[in-house]
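*Asks:* Quick one: the structure is below, questions incoming.
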Amino acid sequence: MKHDSRTAPASTADQSEDASDISALIARLTGEVNEIACEKTRAIQHITNQMKMLALNALIESSRAGAQGAGFAVVAQEVRNVGQQVEAIARDLESQLTARTGSLMSSIDKMTDRARGERMVDLALNAIELIDRNLYERTCDVRWWATDSAVVDCAAAPGEATIAHVSERLAVILGAYTVYLDLWLCDMQGNVIASGRGDRFNARGQNVANTAWFRDARILRSGDDYTAGDVERQPLLGNAQVATYCASVRESGKANGRPFGVLAIHFDWEAQARAIVEGVRVDDDRTRVLLVDSNLRVIAASDGQGLLSERLTLALNGPRNGFYHDRSGSLIAFHATPGYETYKGLGWYGVIIRGS
């Protein structure tokens, strides 16, 4: 049976996206209200200026008319006063409307930024959860296959017949589980005594005793335990990026049996991780979706940049998730691995960076 853990619901992220869209709509409408208000108050000021000019002209004409124009002068002066009052009201209205709408737009910008940040955190969680579920299955696979009779028999007595048989068995497993590059059976000294793809990779006869994953696997306490190596390039697999999971091979396939071998399974990391980060829905081309390890080293990137070489500087400050703006103005969201079932995770993070 093949495992596929690359799909999962993202309803929380969808809700955050809806909130962001609503905030953007309110911001646009508020901006339009502000523009209309300023336009109308300027029109009022233009009319009052005309009224004041007419009143001034009327005063001038009434003064020329002498005593006969005295009554008209009073009316003209009142018109002028009303114009000045209307102008003062219009200016005050414009000032207050601009201040209020400016404050509202600032608040909406903050709400929009928060909604976008929360959505990015949800997407970061979705990415790290998908890989956690996938890798949980790898831990199940390696412990199960380490008890396979062909694997146990070969580790106990590695002769040509048992090696040929287990190699065939490993090849059958690889045919069904396409997420692996190769499976290796090693003795307790780190010698690869059998592999599933001997026709493709020259791993048999090589010694891997100096690798961190083998050293950890060699001292596992029981058959129920496993080790997970850091994502690395494996020279014996064409320098491919792999995540190696190991379990001890024990006498009679029992969890408490005497260990006499190590089964190492090499997860085809780059292809599987790329499918996850590229599958995360983001706003635009300025946004990077990343997976980083416990040392904040980039181990997957939606833009394919910095793989196994770039290290992020995240302002974690204690929380396991959150978002913030860096000095360049980019919005950065992150979420630590929550683990899945018995898989506790390796301290990895899902990270999304939206450029300014």
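Yes/no matrix, rows are residues, columns are (1) farther than 22 Å from R281 by Cα; (2) buried (at least 16 other Cβ atoms within 10 Å of the Cβ); (3) over 13 Å from the mean Cα position of the chain (by Cα):
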site	(1), (2), (3)
G304	no, no, yes
L307	no, yes, yes
E310	yes, no, yes
L316	yes, no, yes
P319	yes, no, yes
H325	no, no, yes
A333	no, yes, no
T337	no, yes, no
K344	yes, no, yes
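*Asks:* Moving on. Determine whether the stretch 252-268 contains at least one residue that is out of contact with any helix residue (DSSP H, G or I) (no Cβ under 8 Å at 6 or more places or on another chain), closer than 21 Å to R133 by Cβ and of a type outside the set (A, V, I, L, M, F, W, C).
*Replies:* Yes: the stretch 252-268 contains one or more residues that are out of contact with any helix residue (DSSP H, G or I) (no Cβ under 8 Å at 6 or more places or on another chain), closer than 21 Å to R133 by Cβ and of a type outside the set (A, V, I, L, M, F, W, C).
*Asks:* Starting from residues that are in contact with a strand residue (DSSP E or B) (Cβ under 6 Å, 6 or more places away or on another chain) and among the hydroxyl-bearing types (S, T, Y), keep the ones in the stretch 109-157 and report whichever is surrounded by the fewest Cβ atoms within 10 Å (Cβ to Cβ).
*Replies:* Y136
*Asks:* If you don't mind, another one. Residues of the stretch 282-300 being of a type in the set (G, A, S) and at pLDDT 95 or above, which ones?
*Replies:* Result: A300, single match.
*Asks:* Could I ask something else about it? I need the strands (runs of 3 or more DSSP E) fully contained in the stretch 126-244, keeping only those with at least 1 residues that are over 24 Å from N295 (Cβ atoms).
*Replies:* Answer list for the stretch 126-244: 180-186, 192-195.
*Asks:* With (1) modelled with pLDDT of 90 or more; (2) closer than 30 Å to I60 by Cβ as the list, and V121 as the residue in question, which single condition is left unmet?
*Replies:* Of the numbered conditions (1) modelled with pLDDT of 90 or more; (2) closer than 30 Å to I60 by Cβ, the odd one out for V121 is (2).
*Asks:* Please enumerate the residues belonging to the stretch 261-297 that are within 13 Å of the chain's Cα centre (by Cα), over 12 Å from A124 (Cβ atoms) and crowded, with 20+ Cβ neighbours inside 10 Å.
*Replies:* A273
*Asks:* Right, next: Can you give me the number of residues within the stretch 199-244 that are touching a helix residue (DSSP H, G or I) at 6+ places or on another chain (Cβ under 8 Å), crowded, with 18+ Cβ neighbours inside 10 Å and within 21 Å of C154 (Cβ to Cβ)?
*Replies:* 7
*Asks:* Hey, another quick one. Go through (1) more than 21 Å from W348 (Cα to Cα); (2) not in a loop (DSSP other than H, G, I, E, B) for A255 and report which single condition fails.
*Replies:* Unmet for A255, out of (1) more than 21 Å from W348 (Cα to Cα); (2) not in a loop (DSSP other than H, G, I, E, B): (2).
*Asks:* Additional query: Among the listed residues L316, L307, L291, identify the single one that is hydrophobic (A, V, I, L, M, F, W, C), assigned to a loop (DSSP other than H, G, I, E, B) and closer than 20 Å to G229 by Cβ.
*Replies:* Result of the check over L316, L307, L291: L307.
*Asks:* Show the residue pairs that are 6+ apart or on different chains and have beta-carbon atoms under 6 Å apart, the first residue being within the stretch 267-289 and farther than 17 Å from W348 by Cβ and in the same structural domain as E310 (by TED's automatic domain parsing), the second being of a type in the set (F, W, Y) and assigned to a loop (DSSP other than H, G, I, E, B).
*Replies:* none
The values are calculated or read from the model by the stated rules, or taken from the named source; none is laboratory data. In this text, all values refer to a predicted model and were calculated from it rather than measured experimentally. No Cβ is skipped: glycine too gets one built from the backbone with ideal geometry, and neighbour counts run over all protein chains shown.
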